[in-house]
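Colleague: Quick one: structure below, then a few questions.
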Amino acid sequence: MELPECPVCLQNYDGDSTIPRVLACGHSACQDCLLKLPQRYAQTIRCPACTQLVKFPPQGPSVLPKNIDLLSLCLSQNPNPNPNSNTSKQDHRFFDFLPRFWSDEFYASWNDWVLPNDAVLVDKRVDEERGAGFCTVFWGKIDSSSKWPCRVCFGNDQRVSLVRVGSLMGLGLDDPNLKVSYVVRVLKCLSGMREELRDELGLILRASVRQCRKMGKVYGLWGDLDDGFLYMVSERMDGSFLEKLGDLSNGFCGEDGDGLSTDGVSGFALIGIEMVEAMVSLHSEGFIAGCVGFSCFSFDYLGHGYVDMNEVLVTGRKIRKSIADVELEVAIGDLLEDNAFMSPELWLELLQNKGTGLERDKSRYSIGYSSDVWSLACLLLRILLGKLFTEEFPNMIEEKGSDYLTLHSIWTERVSSLLDTQLGSEYAGLKDILLKCLVYDPEGRPLLTELRKCIRELITKPQFDLASLDGAVQVSTSCCIILGELCQFPKELSKTQQEDALQGREAAVEADFGPLKEDIVDKNLLEGLFEGLVKFKDLQGHRDCITGITVGGGFLFSSSLDKTIRVWSLQDFSHVHTFEGHEHKVMAIIFVNQEQPLCISGDSGGGIFVWGLSTPLGQEPLKKWYEQKDWRYSGIHALCLSSSGYVYTGCGDKSIKAWSLRDGLLECTMNGHKSVVSTLAICDEVLYSGSWDGTIRLWSLSDHTALTAVGEETSAVTSVLSLAVDRHMLIAAYENGCIKVWRNEVFMKSMQLHQGAIFATGMEGKWLFTGGWDKTLNIQELSGDEFHVDPRPIGSIPCSSVITALLFWQGKLFVGYADRLLKVYYCGK
């Protein structure tokens, strides 16, 4: 025979180290394990055998009675039941939380990058001709009045730049009956992106944090609900390069070729060093710009240079659009007009991707960090020589039979001649390294650190230089931005899509950012929330505010202040019957599932009516009970039913009363609250009661004794109006629009969900529904683990009246309103 053992440590009971102690529920556990079990609520523990919440003495488990019968049995069968009693006890492990709408990894990776919806004010917008917004950097500023918490601490009226990275339309979230939350729209957009596009976006976001000194800060992602696009938000400095220095049409060498003056040398060196260091910072994060222009650099108020990632993206998009739309010579002309430059190997790569036939033989080289060396050197030459440099810049076209290498050699000779004329022999070192940067073979170009050293020596030649000049950037992988997904321009739209774009619909946007993943349609409301399949049906008939909803026996029951209970068919939601007889307002209703199903209602006069549900439905109640009244009394405010056959009423006299369902006798009265008991809930043989006094009290259903009270420590009293309970979660809704969440008897979180009182709550698995005074039905996803709970806003359903009751049942959501209406929300095709 197996000997009795502790359900926690699995050790056989003995009279020494494993002493069985009896809990109020009747189960036993060893004294040591009871001492280590968490006491989440004051003076209570959960029985490790039945998980019931039971009283626990403040003196500890030693004052609990020993289970003498178990001890006698164990010692008689085995005098030494635990020879290895010093073996460490097994840890009690809690089960994992319910599955999430998104994986933990995805949510953790992206949620902190989502900026609040009201965080950004856009200065201006562009006309939505094809590609205009895709190839534009928008300007804006941070709205200092934003109250939302986020990972970034903004200054007052911080100026920002924005560039489009995705679309918030075409996500299947535009159900007219459901207003999906802002965060859900952004995360849904991200989850629907191509993986390569999302990975590239994540690299840029993370890189800006690590290299904030020379890369402009990227604050995060912001969704503009007005135009329906997702933007990457970056810091905008005091001014761009051209705003600081003008158009530099003549360069630092002057209009007449007088050469570099002393001031010109210093100015060129200071600017050049900042640009080179900014590019080194970009390379150190594994990025290759591919094409850079003056717009890609900005300067702060101290004159330090930064790479503006938004401008780099837009510059790359413009080039790819030009190559796709126009002839090559026009594309090069557009590039030079924007003072932007791209290395030969990248030109050839893009032309090859376009499908242009080029005889490339030995002219093709790999793309790497040296590609940016070529582009940056062209920018420095543009600063030195002005428009003379761009006028000599060749049209990189290779007609059939021509030699591109020869064209490039002729161009570099002309640039060398210009440098001889403008710089003379005094700056031969600068000339040599700039020409080396322009060589056709990328492997022959110098490192950026070598270029920086040469430019710095124009000002000073320090005896010691702390900069590392002994090698290239050591990064295992690299990402060329201009060849990446973020610069890929949308394909041509179909005629139907173009018509949709003119109407502001979503089909045109899908072409901009690729096809979105399709979700599976299901008939459950929760499955259809994001598919635009939420439908509703109005159930009319009540003449006053709905106060309660319950389901059972194939019927839907609704109670009202009009003193009636209406019965509806769950098949087609047609009206079946009306129970009449209450002389006072019906405040609460419950369904009793037994051999003879019942419906029980309570009113503001203290009447408890029991209605039979046998067909045909009768007009008179089977039983009537009445509570005693005194001067304090304001009726019944809540009802609930236990599995042991007791009906509990939350009353206006601050008490909870237990009634025998069999004979209608009042079994006991539970006192402790200091105001009206407004809501009741039962779970795991524990009765939870919420009151206008702001507290939640827990009662043992086995003997109707008080277990503990929650909320007494709070000085400010806010009425508890509704409770939602499951085995591991307690959620309380308050008069001020807040909810508080406890998990496994530990307080987890308090958060504001509504602007005004929350009158109704419902919980289904990981989904939480709340509604109240602000005429909004909010849907939250409860995510988290043993150590935290994170209610994530999923969406809201705008309503025309105050929400007073709700119930989620088998994929349908029933909502009662103060304007006498009852609505059924369901997933329909």
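Colleague: For C738 paired with K674, estimate the spin-label separation in nm (one decimal), with each label point 7 Å from Cα along the Cα-to-Cβ line.
Modeller: Simple spin-label model gives 1.7 nm for this pair.
Colleague: Mind grabbing the accessible area of M279 for me, 1.4 Å probe, Å², rounded to tens?
Modeller: Its accessible surface works out to 0 Å², give or take rounding.
Colleague: Full-extension gain between D112 and E583, please, as 0.36 nm times their residue separation minus the C-alpha to C-alpha distance.
Modeller: Once the chain is fully extended between D112 and E583, it gains 164.1 nm.
Colleague: I would also like to ask the following. Could you list the GluC sites (Glu not before Pro) in the stretch 710-777 that lie in coil according to DSSP, counting only those with at most 14 other Cβ atoms within 10 Å of their Cβ?
Modeller: E712, E713
Colleague: Which net charge results when you count Lys and Arg as +1 and Asp and Glu as -1 among the other residues whose beta-carbon is under 11 Å from that of G672?
Modeller: +1
Colleague: What relative contact order, as a whole-number percentage, does the stretch 1-76 give when Cα pairs under 8 Å and 6 or more residues apart are counted?
Modeller: Relative CO of the stretch 1-76 lands at 32 percent.
Colleague: Turning to a different aspect of this structure: Per residue, how many Å² of accessible area does the stretch 1-76 show with a 1.4 Å probe?
Modeller: 49
Colleague: Then there's this: Find the Cα radius of gyration of the stretch 1-76, compare it with 2.2 N^0.38 Å by division, and give the number to two decimals.
Modeller: 1.04
Colleague: So, one more: Taking a probe of 1.4 angstrom, what is the accessible area of T406 in Å², to the nearest 10?
Modeller: 70
Colleague: Can you sort D703, D16 by solvent-accessible area, 1.4 Å probe, largest first?
Modeller: The most accessible residue leads, giving D16, D703.
Colleague: Right, next: T770: net charge of surrounding residues, Cβ under 15 Å, Lys/Arg +1, Asp/Glu -1, itself excluded?
Modeller: +2
Colleague: Same structure again: Please tell me which of these pairs span more than 22 angstrom C-alpha to C-alpha: K188/K740; K321/K354; K188/K823; K535/K812; K535/K775?
Modeller: Cα-Cα > 22 Å for K188/K740; K188/K823; rest within.
Colleague: Within 12 Å, Cβ to Cβ, of V312, how many net charges do the neighbouring residues add up to if Lys/Arg are +1 and Asp/Glu are -1?
Modeller: -1
Colleague: Using all C-alpha to C-alpha distances in the stretch 619-740, build P(r) with 5 Å bins and read off the rounded percent in each one.
Modeller: Once binned at 5 Å, the Cα pair distances of the stretch 619-740 give 2, 11, 22, 24, 20, 12, 6, 3, 1, 0.
Colleague: For a quick check of understanding: with a 1.4 angstrom probe and all protein chains in place, what accessible area in square angstrom does Y231 have, to the nearest ten?
Modeller: 10
Colleague: Another question, then. Based on the Cα coordinates of the stretch 678-742, what is the per residue volume of their convex hull in Å³?
Modeller: 73
The values are calculated or read from the model by the stated rules, or taken from the named source; none is laboratory data. Keep in mind that what you see is a predicted model, and the values were worked out from it rather than measured. Quick reminder, even Gly has a Cβ in these numbers, built from the backbone with ideal geometry, and neighbours come from all protein chains shown. Surface areas here come from the heavy atoms of the whole protein model, side chains and all, with no ligands, DNA or RNA. Shrake-Rupley method; radii C 1.70, N 1.55, O 1.52, S 1.80 Å.
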